[in-house]
Structure formats: structure tokens, C-alpha cells
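Bear in mind these aren't lab numbers, they're just calculated from the coordinates by the rules spelled out. None of the values given here were measured: they were computed from a predicted structure. A quick note on method: Cβ atoms are made from the backbone with ideal geometry, for glycine too, and the neighbour counts reach across all protein chains shown.
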Amino acid sequence: MVIMVMDGQGGGIGAEIIKGIRQELGTGMEIFALGTNSSATSRMMKAGANKGATGENAIVRTSRTVDIIMGPLAVIISNSMMGEVTPRMADAVCSSGARKILIPLTQENVRIIGIVGEPLPHLVHQAIKSIKEG
């Protein structure tokens, strides 16, 4: 199983996801860190990803080949993260046949009704639980 973790800006959410996967599921999962910028990719690599790449083309191509895509909700919103998520990136993630497990945190003007505001560690734990459940 190959998991793509996508994040931007500082890469903090992606790094937490990768750390959580490594702690709960071990090293058997192959994790690709895909950043909208090099800082995000670097932080996710330090968290324990197997491979990393940065930018629109890397995200578009990799999203076609993985089993699961994880990241904040903003990865499917065009022009989110202060413009770091391009329309092509958002479309590639949405169009991918991979299962998407998204953390409902966003700085965008988007509100998801029915979602209880939980701290990031709890949300990451729930996301990893979703991987276990298949």
C-alpha cells in the first residue's frame, strides 16, 4: 500500500499525519510526501516519509499512482493555502482513483457543517484508524 501525504505552507499537518502513521502502523507502509513547496516537503520527509517531491507536476503525476491520499481538506480546494494549491493540483487529487482521507482543517472561507472541532492529534488518530479499517 502506498500513501501520498500532501501538504503546503509549513507542512505541519502532513508531518503529524506521517508521524502518526509511523507510530501506529510501523514502517511497512510506503509514504510519499508531496509538498506544494519545498519547506512542506522537507518537514514531511523529516517526519519519516520514504520519498518526497515538490510542486504541481509531482502532485499531479503521483496522485495517479497511489492507493490513499491524505492531507488537510484544503488539498481539494483550488487556490487554497494562499494560492499554493493550484487548480491542477486540486483536480488531480479529486480525480484520482485513490481513497482520500482528509483532515477537516482549513484556513479557507469554507465551513463543513456537522464536523465537531477536534484537536489535530485526535483528527490524525481518526484518519489512521480509517486506514486500519480499510
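Could you work out which residue, out of Ser80, Ser38, Ser95, moves most in a Gaussian network model of the chain, that is, has the largest mean-square fluctuation with Cα springs under 10 Å?
Ranking Ser80, Ser38, Ser95 by mean-square fluctuation puts Ser95 first.
Cross-link candidates for Lys51: which aspartates and glutamates have Cα within less than 17 Å, leaving aside residues fewer than 8 places away along the same chain?
By straight Cα distance, Lys51 reaches Asp7, Glu16, Glu30, Asp67.
Just to be sure I understand: with springs between alpha-carbon atoms less than 10 Å apart, which residue in Ile101, Ile113, Ile13 has the highest mean-square fluctuation in the Gaussian network model of the chain?
Ile113
Nearest 5 percent is fine: what portion of the DSSP beta bridges confined to region 2-133 is antiparallel?
0 percent
Of Ile3, Val85, Gln126, which is farthest towards the positive pole of the chain's charge dipole, taken about the Cα centre with +1 and -1 on the beta-carbons of Lys, Arg and Asp, Glu respectively?
Ile3
Report the charge-dipole magnitude of the chain in Debye, nearest 20, computed about the Cα centre from +1 at each Lys and Arg Cβ and -1 at each Asp and Glu Cβ.
Roughly 200 debye for the chain.
Hey, which lysines would be in cross-link range of Lys129, C-alpha to C-alpha under 20 Å, not counting anything within fewer than 8 residues on its own chain?
Correct list for Lys129: Lys19, Lys100.
For the pair Gln107 and Thr27, how long in nm is the line joining their label points, each one 7 Å along Cα→Cβ?
3.4 nm
Can you give the convex hull volume per residue for the Cα atoms of the chain, as a whole number of Å³?
97 Å³
How would you rank Arg88, Arg111, going from fewest to most other Cβ atoms within 10 Å of each one's own Cβ?
Arg111, Arg88
Can you find, among Ser42, Ile13, Ile76, the residue farthest towards the positive end of the dipole of the chain? Put +1 on the C-beta of Lys and Arg, -1 on that of Asp and Glu.
Farthest along the dipole direction, towards plus: Ser42.
Of all the C-alpha pairs in region 89-134, what % are more than 11 Å from each other?
Distances greater than 11 Å cover 74 percent of the Cα pairs.
Could you estimate the translational diffusion coefficient of region 5-69 from the Stokes-Einstein equation, with Rh from the Kirkwood formula over C-alpha pairs, at 4 °C and 1.567 mPa s, in whole µm²/s?
Estimated diffusion coefficient is 115 µm²/s.
For n ≥ 4 DSSP H runs only, could you compute -39500 (n - 2.57) per run for the chain, divide by its residues and tell me the 222 nm figure to the nearest 500?
Mean residue ellipticity at 222 nm (helix-derived): -12500 deg cm²/dmol.
Report, in debye and to the nearest 20, how large the dipole of region 24-76 comes out about its Cα centre when Lys and Arg carry +1 and Asp and Glu carry -1 on their Cβ.
Value, rounded to 20: 160 debye.
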